[in-house]
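Accompanying notes for the structure given below.
The values are calculated or read from the model by the stated rules, or taken from the named source; none is laboratory data. Because the structure is a prediction, the values reported are computed rather than measured. Note that we place each Cβ from the backbone using ideal geometry, even for glycine, and neighbour counts take in every protein chain shown. Protein only, heavy atoms only, side chains kept; ligands, DNA and RNA dropped before computing areas. Shrake-Rupley method; radii C 1.70, N 1.55, O 1.52, S 1.80 Å.
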Amino acid sequence: MRNRGSYSYGNEGPATAVAEQPQPLSADKKRPVLVTGASGLVGIHTCRELSKNGWQVRALIRDAAKAAMALGQLPVEFRVGDVRDATALRSSLNGCGAVVHLAAIAIERKGESYADSNTAATARLISAARAESVQRMIFMSQNGADSRSPYPFLHSKGVAQESVKTSGLRWTILRPSVIFGPEDQFVNVLGRLIRLTPKIFPLPGGGKTRFQPIAVDDVARVVRLSLEKKETVNQSYDLGGAVPLTLRQMTERILTAMGTERTLVAVPVKVLRPLVALAQRLLPNPPVTSSLLDLLALDNTVANNALTEYFKVVPIPFAADELQYLRRITAKNALRSLFERP
């Protein structure tokens with residue numbers, strides 16, 4: 001067991017009163033928390049969760065207009081910048097007590113690679129945190145992330161994960177299964193594809209792959225608890241929802257939530273692969289890429305679910321009542337999304 005030393009909390013006085021005195025392991029609410037990727041799915045809900053629980057939030061965003069739409073109602077300080085820019089990172093981290101690193105890409109696009117946006121950006125953030133004396137870091141990884149993984153996305157997150165563990169910072173790593181919520185890029189994509197495929201909906205490999213979908217509000221709550229619990233320092237946590245579900249079972253619940261019906265047809269992945277490759281070449285914003293299609297062959301469940309076992313959070317179920325946001329999807333806006341530049 002690591003030596004935690006002695007620390008000062010609450011009304012006992014600041015832990016930094018003497019230069020040699022160790023910092024408290026839990027983050028300090030008196031100093032801002034920088035949230036990278038703040039206008040993304042987890043970022044929006046994390047900023048909301050932290051703000052309503054008394055944390056000062058500083059949001060690192062790339063698009064000020066988009067951030068204003070998503071976060072404008074919250075008492076959040078905006079910093080415009082890119083996680084790939086070391087200067088912007090140092091400026092954004094100045095005066096912060098902690099950083100929640102959520103920014104990452106799931107799909108590679110022109111000018112954005114896994115190696116740069118997921119791996120190198122994390123290393124730059126660590127360097128900037130050290131330079132600005134920010135010692136506490138929450139890192140959003142991915143269930144299955146491993147530097148030895150043959151899958152590029154999981155490899156990139158695995159390498160980043162290792163850099164966090166060896167950073168010298170007081171880190172916590174969160175490894176969720178697929179996350180669902182109003183702004184998600186998995187369940188919403190399925191919903192848009194359903195609208196674009198009347199009567200019949202193809203399931204890759206028959207939809208046998210298992211997931212453990214976790215609600216974004218549950219993830220955001222775990223981020224906050226990780227900042228508040230000193231016991232989470234230098235720990236990794238796998239996170240999942242209430243129960244594992246196959247892709248077929250998830251699709252059935254999505255159809256119920258959307259109030260529509262489709263005949264679900266098993267299609268071999270090898271048949272879908274050339275169609276997905278063609279879509280990647282022709283569409284500015286393809287709903288699925290070859291690398292994501294490969295990931296659909298991997299089970300994405302967690303053996304030891306820290307959401308319930310450690311954080312004692314009762315999971316929001318992946319159920320029709322929780323998926324009502326999918327009803328706003330129409331064939332028209334689903335088609336338009338394919339041609340929108342991300």
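Observations on the model:
- Accessible area of the chain belonging to carbon and sulfur atoms, whole % at 1.4 Å probe: 53
- Cα Rg, Dmax, segment 296-342, angstrom units: 16.8, 43
- 1.4 Å probe accessible area per residue over the chain, in Å²: 47
- Among 234-242, 269-277, sorting by the average number of other beta carbon atoms lying within 10 angstrom of each residue, highest first, gives 234-242, 269-277.
- Tally of Lys pairs whose C-alpha atoms are under 23 Å apart, taken over the chain, 8 or more apart or cross-chain: 23
- Taking one quarter of the surface of the C-alpha convex hull of segment 190-342 gives a mean projected area of 10.3 nm².
- Among 123-129, 70-76, sorting by the average number of other beta carbon atoms lying within 10 angstrom of each residue, highest first, gives 123-129, 70-76.
- For the chain, the mean residue ellipticity at 222 nm estimated from helices alone is -10000 deg cm²/dmol, where every DSSP H run of n ≥ 4 contributes -39500 (n - 2.57) and the total is divided by all residues, rounded to the nearest 500.
- Long-range HN-HN contacts of Arg170 with modeled amide H, under 5 Å: Arg136, Met137
- Label-to-label distance, nm, for residues given as Glu112 and Ala86 (7 Å Cα→Cβ offset): 2.3
- Amide H contacts for Ala98 (H built 1.01 Å from N in the peptide plane; partners 5 or more residues away or on another chain; cut-off under 5 Å): Leu34.
- Fully extending the segment from Val271 to Glu231, taken as 0.36 nm per residue of separation minus the present Cα-Cα distance, adds 9.6 nm.
- Residue order for Phe311, Phe78 - accessible surface, 1.4 angstrom probe, largest first: Phe78, Phe311
- One chain, two ends: Thr197 and Arg281. Fully extended at 0.36 nm per residue, the span grows by 28.2 nm beyond their Cα-Cα distance.
- Cut-off under 5 Å, modelled amide H: who pairs with Ala59 long-range: Val35, Glu77, Phe78, Arg79
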